[in-house]
Amino acid sequence: MPDRISWFTIPVLDLERAAAFYRTVLACDVWMQKADGFAIFEWKRGEVSGGIELGQPCTCDHGVRVFLNCEGRLDEAVEAVRAGGGSVKDACSLGDWGLQAIVVDTEGNIVHLHSYTHAGAEKIEERVKAAV
């Protein structure tokens, strides 16, 4: 069965800054297309991916939610958010569906970081709630 999501974009005001942020948080390459005003997250044919594009960030808590894959490295990703100039709004268990951290990127977008496994994220909920 194919993935239900085929592509996503996150609007940003500063392409370079946002690319550096997501490169660190997601631990992947970000391929810049400066002339066209967007950058693509590293991907392989058949995988779901997305990118960032120049535009007005979504700063509301309502509407479409984007869950970015941080499988097995959610703790590390949350620390990269903080170190990269973003902030953490919340973190919680999704039961059998893993863990999520709700973060604000350098552009003001609210995105969800997700890991199905709890590896590397055993105490993230307590640590994030203590830091919020």
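Please specify each residue of the stretch 71-81 satisfying the condition of being under 21 Å from ALA19 (Cα atoms) and touching a residue at least 24 places away in the same chain (Cβ under 8 Å).
First, pick out the residues of the stretch 71-81 that are under 21 Å from ALA19 (Cα atoms): 71, 73-81.
Listed by number, the residues that qualify are GLU71, ARG73, LEU74, ASP75, GLU76, ALA77, VAL78, ALA80, VAL81.
Among the residues examined, GLY108 qualifies as surrounded by 14 or more Cβ atoms within 10 Å (Cβ to Cβ) and not β-branched (Val, Ile, Thr).
Is there a residue being among the small types (Gly, Ala, Ser) and either on the phi < 0 side of the Ramachandran plot or in contact with a helix residue (DSSP H, G or I) (Cβ under 6 Å, 6 or more places away or on another chain) (or both) anywhere in the stretch 59-74? Among the residues of the stretch 59-74, not one is among the small types (Gly, Ala, Ser) and either on the phi < 0 side of the Ramachandran plot or in contact with a helix residue (DSSP H, G or I) (Cβ under 6 Å, 6 or more places away or on another chain) (or both), which makes the answer no.
Number of residues in the stretch 1-48 that are small (Gly, Ala, Ser) and surrounded by 17 or more Cβ atoms within 10 Å (Cβ to Cβ) equals 3. Entry remark, the stretch 5-39: residues being without any contact (Cβ under 8 Å) to a residue 40 or more places away in the chain and closer than 15 Å to ASN69 by Cα number 4 in total.
Do we find that GLY46 is touching a Leu at 6+ places or on another chain (Cβ under 6 Å), of a type in the set (Gly, Ala, Ser) and more than 15 Å from HIS112 (Cβ to Cβ) in this structure? Show your work before the answer.
Values: touching a Leu at 6+ places or on another chain (Cβ under 6 Å): no; of a type in the set (Gly, Ala, Ser): yes; more than 15 Å from HIS112 (Cβ to Cβ): yes.
Criteria not met by GLY46.
Here the stretch 11-51 is the region considered, the condition is being in a helix (DSSP H, G or I) and of a type in the set (Val, Ile, Thr), and the residue that is nearest to VAL104 (Cα to Cα) is VAL25. Every condition in (1) touching a residue at least 24 places away in the same chain (Cβ under 8 Å); (2) under 15 Å from the mean Cα position of the chain (by Cα); (3) surrounded by fewer than 13 Cβ atoms within 10 Å (Cβ to Cβ) is met by CYS60 except one, and the failing one is (2).
Coordinate-derived values only; no laboratory data. Computed from a predicted model, the values in this text were never measured in an experiment. Quick reminder, even Gly has a Cβ in these numbers, built from the backbone with ideal geometry, and neighbours come from all protein chains shown.
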